[in-house]
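Here the structure comes first, spelled out in structure tokens, and everything after it is commentary.
The values are calculated or read from the model by the stated rules, or taken from the named source; none is laboratory data. Not measured: the values here are computed from a predicted model. Don't worry about glycine lacking a Cβ; one is built from the backbone with ideal geometry, like all the others, and counts go over all protein chains shown.
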Amino acid sequence: MNIGAVHGRALLDYSLNATTYKLGLYTTNPTKDNTGTEAAGGVYARQTISFGAAAEVSGKQQCANDAAIDFGEQTTDLGIIGHWAVFTSAGDFLYFGAFDTPKEVYAGDSFEVKVGEIKIKLS
């Protein structure tokens, strides 16, 4: 089954701009069943993420985060952060992916996700 570009953008806009979402950081791939290892300890907490309007990029419909996401200065080592997941504010697991460049986060380090770094694509 295929969907048209207009409908694809509408689905993403409806799905990602309807409510408040949270971004979680992972040291292992969350997989579709959320079996990965989420960062934990110290002051780590999921942070609010918002998305811009869907657009076609390289023939695929996608949305990306429209603001930087600051996880702040960490008080404990989090490990190598290589993956992410998007959750509803109630904690329901929705989307996941990998960062282009994993980063080891130590106590005293800050972690920030840049604008456009989290991309949700319809393929």
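How about segment 73-123: which of its residues are of a type in the set (A, V, I, L, M) and either more than 30 Å from D13 (Cβ to Cβ) or modelled with pLDDT under 95 (or both)?
If the condition is that a residue be of a type in the set (A, V, I, L, M) and either more than 30 Å from D13 (Cβ to Cβ) or modelled with pLDDT under 95 (or both), then L78, I80, A90, L94, V105, A107, I120, L122 are the ones that fit.
Quickly run through segment 94-112 and pick out the residues that are touching a residue at least 24 places away in the same chain (Cβ under 8 Å) and among the acidic types (D, E).
E104, D109, E112
State which residue is modelled with the lowest pLDDT when the search covers only segment 1-44 and only residues that are among the acidic types (D, E) and over 26 Å from G59 (Cβ atoms).
By that ranking, first place goes to D33.
Report, by residue number, each residue of segment 18-58 that is farther than 14 Å from F71 by Cβ and of a type in the set (D, E, K, R).
Passing the criteria: K32, D33, E56.
Checking the condition of a type in the set (G, A, S) and in contact (Cβ under 8 Å) with a residue 60 or more places away in the chain, which residue from S58, S50, S89 passes?
S89
Going by what's in this entry, would D70 be described as more than 24 Å from G4 (Cα to Cα) and modelled with pLDDT under 95?
In short, no.
One line per residue, one yes/no per condition, for (1) of a type in the set (K, R); (2) in contact (Cβ under 8 Å) with a residue 12 or more places away in the chain; (3) touching a Gly at 6+ places or on another chain (Cβ under 8 Å):
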residue	(1), (2), (3)
L25	no, yes, no
T31	no, yes, no
E38	no, yes, yes
G41	no, yes, no
G79	no, yes, no
K114	yes, yes, no
